[in-house]
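**Student:** Sharing a structure with you now.
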Amino acid sequence: MDVQSALLILLRRWYIAVPALGLVGLLAFNAYTQSDDRMAAYGSVLVLKPNIEVTDEILAQNRYLQLGSERAPAKIVMDALSTDGRRAALLDDDAATYTIGFDPSPLQLPVIDVYARAGSAEAAVATARNVMEAFRTDLEALQAAADAPENTWLRTQVISEPVIATESDYVGRVLTVGLIVALGLVGTVALAFFAEGATVQLAAARSRAAATRVRRGGRRARS
């Protein structure tokens, strides 16, 4: 079947195609407006050991160096930054949220990723910066509270500065709307074709029944 024939079928079955396409449009519009339209910013920091020779004496002075990996004290700080109280202090607007966690690289590096979302690009960037700065100060405060000498402290270095914000779910939003439209169009065409086929079969059945009645009537008349 060519495109012209398919369009003719849709035109003949307009009472199916029009409501179905209207429903598809409504679903696509609802998916577009209900998806997350906040802006997102990303930043990352690296936890570094002190630039000194880490001897047994240094390890005794800073117990966080004894944990075997910079990820261990970083996890303590991340857990603290994930509490409700700290979140409320770090968000830049009422629509802001953030997640903080280790970089998923299989190398197990002490890289901490920060993802922030907010109602504007400025608020998303500001929230990400707030969290990264809080990570630095909390890590230092953790070691200061343990009476570790400052020259033995673990430090942070910014790897990715969160200076650019993008719409957080733009790709997902477009894919969702595209999927709804595609499935809706396929479903609409399928319904129209089904109705067309059912109508043709019904008409053919009626024609056969009428022909049968005519033949029976002719045989009765001859007899």
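The values are calculated or read from the model by the stated rules, or taken from the named source; none is laboratory data. Keep in mind it's a predicted model, so treat the numbers as computed, not measured. Positions of Cβ are generated from backbone atoms using ideal geometry, with glycine treated the same way; all protein chains shown enter the neighbour counts. Note: areas computed on protein heavy atoms with side chains; ligands, DNA, RNA excluded. Shrake-Rupley method; radii C 1.70, N 1.55, O 1.52, S 1.80 Å.
**Student:** Could you go through the range 73-89 and let me know if any residue there is in a loop (DSSP other than H, G, I, E, B), within 23 Å of M39 (Cβ to Cβ) and within 29 Å of the chain's Cα centre (by Cα).
**Tutor:** Scanning the range 73-89, I find at least one residue that is in a loop (DSSP other than H, G, I, E, B), within 23 Å of M39 (Cβ to Cβ) and within 29 Å of the chain's Cα centre (by Cα), so the answer is yes.
Each row is one residue, and each column tells you yes or no for (1) at pLDDT 90 or above; (2) β-branched (V, I, T).
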position: D79; (1), (2): yes, no
position: L90; (1), (2): yes, no
position: G101; (1), (2): yes, no
position: L107; (1), (2): no, no
position: D113; (1), (2): yes, no
position: V125; (1), (2): yes, yes
position: E140; (1), (2): yes, no
position: Q143; (1), (2): yes, no
position: W153; (1), (2): yes, no
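**Student:** Out of the range 92-129, which residues are of a type outside the set (S, T, Y), open to solvent by 60 Å² or more (accessible area, probe 1.4 Å), outside any helix (DSSP H, G or I) and without any contact (Cβ under 8 Å) to a residue 60 or more places away in the chain?
**Tutor:** Result: D92, D94, P104, P106, L107, Q108.
**Student:** So, of the residues in the range 1-60 that are of a type in the set (S, T, Y) and more than 30 Å from A148 (Cβ to Cβ), which turns out to be modelled with the highest pLDDT?
**Tutor:** That would be Y42.
**Student:** Go through (1) surrounded by fewer than 16 Cβ atoms within 10 Å (Cβ to Cβ); (2) over 30 Å from N62 (Cβ atoms) and name the single condition A146 misses.
**Tutor:** Every listed condition holds for A146 apart from (2).
Here is a yes/no grid of residues against (1) open to solvent by less than 80 Å² (accessible area, probe 1.4 Å); (2) touching a helix residue (DSSP H, G or I) at 6+ places or on another chain (Cβ under 8 Å); (3) not charged (D, E, K, R):
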position	(1), (2), (3)
L10	yes, yes, yes
R13	yes, yes, no
R71	yes, no, no
A80	yes, yes, yes
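**Student:** Pick out the one residue from I58, I52 that is surrounded by 15 or more Cβ atoms within 10 Å (Cβ to Cβ) and of a type in the set (V, I, T).
**Tutor:** I58
**Student:** Ok, one more. So, A28, is that one open to solvent by less than 40 Å² (accessible area, probe 1.4 Å) and under 21 Å from the mean Cα position of the chain (by Cα) or not?
**Tutor:** When the stated conditions are applied, A28 passes them.
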